[in-house]
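Since the structure comes first, as structure tokens, the remarks are kept for the end.
The values are calculated or read from the model by the stated rules, or taken from the named source; none is laboratory data. On a predicted model such as this, the values are computed, not experimentally measured, just so you know. Glycine gets a Cβ as well: all are built from the backbone with ideal geometry, and neighbour counts include every protein chain shown.
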Amino acid sequence: MNSVIGHLERVSLKNIWEHESRDFTPWLSEAKNLADLGDLLFKERLEHRKLEVPVGPFRADMLCKKPSTQNWVVIENQYNKTDHDHLGKLLTYAAGLNGLDGQKVEAVVWIAEEFLPEHRAVLDRLNEISGDQMQFFGLEIEMWKIGNSLPAPKFNVVCKPNLFSNKLKRLENMTATEMWQYKYWEDFKQYLKNQSSPKNEQIPVPVTSGIPTHCLTISIEKSKFQFNVTVHTGEKRIGVEIVLPDSKESFEMLENQKEAIEREFCEQGEQLEWQNNPNSKVSRIAVYKYGVDIWDKDDRPNQFGWLTSKLIKFRKVFLPRINELTTTEKNFEETT
């Protein structure tokens, strides 16, 4: 029996996207493509914020947010081989956009058709000296097709931070309290994994690139909002929060439903804390449990059980409302 086998054919990027900034960058900024890129690099989607972001006389191709940390990810694209001009711009953007709107640049992504060994060495060195404060990625992009098929992109990661090495360095410099918090969250993540089953409502196990201390973050799909689970050693307090960064309007819309939300959420003697924080761009709605003996390892199953139950309730009460808010904001942006 004869079979027909196709052959891969390399396609030039310019045959698909004639101009890098006018064609390729807008394509990459589409939600599906950024989700794929984010999953490749961070195991979570990226959220597009701005194109052609001014930094002095220069313009960064793309600025994104990483939902789990709300920090910036800067993306710089380039056709052909990497060069010193784009390397210099990359470093300028990393410094110039750090601290924008109160958020740090967590990662810098350089995309090109071919990486020169010298530039790979620079990114490797930057990752070595910056630790977990800033991450540098180098990606080569290829386009392939088979016969008359549609061309498909393929990203190859040629430079990335050594997260294991960075984690070890971070652990070596942690205080006793930070080390305790780290172990607390490692135990909690294992607890969530053990609780997951088809019969139970599953909570996503938080994915963190750094080392968590006072909180763990769970991003909310297709939304800029997030859930935090927190532990406060000084106040002997654990809690669950929904965090609304840079969205006072969304907080007010939820607050208008306060009576209905609290009727759905609150059990006897329980209260939600509505933290508008007028001097900050970040608002929170939280539930806390005080007087917890957080140092008692034998009590951790009880603490983890409480946190998990409140996470499930937060998702049940807030996710439909968050989806409605996200749809409303998207429709507003499309009409303005």
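Just a few scattered comments:
Per-residue answers, yes or no, for (1) of a type outside the set (Lys, Arg); (2) in contact (Cβ under 8 Å) with a residue 24 or more places away in the chain:
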{"residue": "Glu52", "(1), (2)": "yes, yes"}
{"residue": "Val55", "(1), (2)": "yes, yes"}
{"residue": "Arg59", "(1), (2)": "no, no"}
{"residue": "Asp85", "(1), (2)": "yes, no"}
{"residue": "Glu106", "(1), (2)": "yes, yes"}
{"residue": "Val109", "(1), (2)": "yes, yes"}
{"residue": "Pro117", "(1), (2)": "yes, no"}
{"residue": "Asp124", "(1), (2)": "yes, yes"}
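- Within the range 250-270, if we keep just the residues that are loosely packed, with under 11 Cβ neighbours inside 10 Å and of a type in the set (S, T, N, Q), the residue that is modelled with the lowest pLDDT turns out to be Gln268.
- Boolean, Leu91 is under 29 Å from Ile146 (Cα atoms), more than 13 Å from the chain's Cα centre (by Cα) and aliphatic (A, V, I, L, M): no
- Residue match in the range 45-55 (condition: among the acidic types (Asp, Glu) and out of contact with any strand residue (DSSP E or B) (no Cβ under 9 Å at 6 or more places or on another chain)): no
- Subset of the range 56-83 [aliphatic (A, V, I, L, M) and either surrounded by fewer than 17 Cβ atoms within 10 Å (Cβ to Cβ) or within 15 Å of the chain's Cα centre (by Cα) (or both)]: Leu63, Val73, Val74, Ile75
- Which listed residue is modelled with pLDDT under 80, part of a strand (DSSP E or B) and among the β-branched types (Val, Ile, Thr), from Ile203, Ile218: Ile218
- Scanning the range 73-131 for residues that are within 18 Å of Arg49 (Cβ to Cβ) and aromatic (Phe, Trp, Tyr) yields a count of 1.
- Evaluation of Ile129 against the conditions (1) touching a Leu at 6+ places or on another chain (Cβ under 7 Å); (2) of a type outside the set (Phe, Trp, Tyr); (3) closer than 17 Å to Lys160 by Cβ shows that the sole unmet condition is (1).
- Options Asp23, Asp101; residue that is closer than 28 Å to Lys224 by Cβ, out of contact with any helix residue (DSSP H, G or I) (no Cβ under 6 Å at 6 or more places or on another chain) and either modelled with pLDDT under 90 or among the aliphatic types (A, V, I, L, M) (or both): Asp101
- Hits in the range 81-110 (condition: over 13 Å from Gly56 (Cβ atoms) and either of a type in the set (Asp, Glu) or part of a loop (DSSP other than H, G, I, E, B) (or both)): Thr82, Asp83, Asp85, Asn98, Gly99, Asp101, Gln103, Lys104, Glu106
- Just one of (1) of a type outside the set (Gly, Ala, Ser); (2) in contact (Cβ under 8 Å) with a residue 40 or more places away in the chain; (3) touching a Lys or Arg at 6+ places or on another chain (Cβ under 8 Å); (4) not in a helix (DSSP H, G or I) fails for Thr69. It is (3).
- Conditions (1) assigned to a helix (DSSP H, G or I); (2) surrounded by fewer than 17 Cβ atoms within 10 Å (Cβ to Cβ); number of the one not met by Val317: (2)
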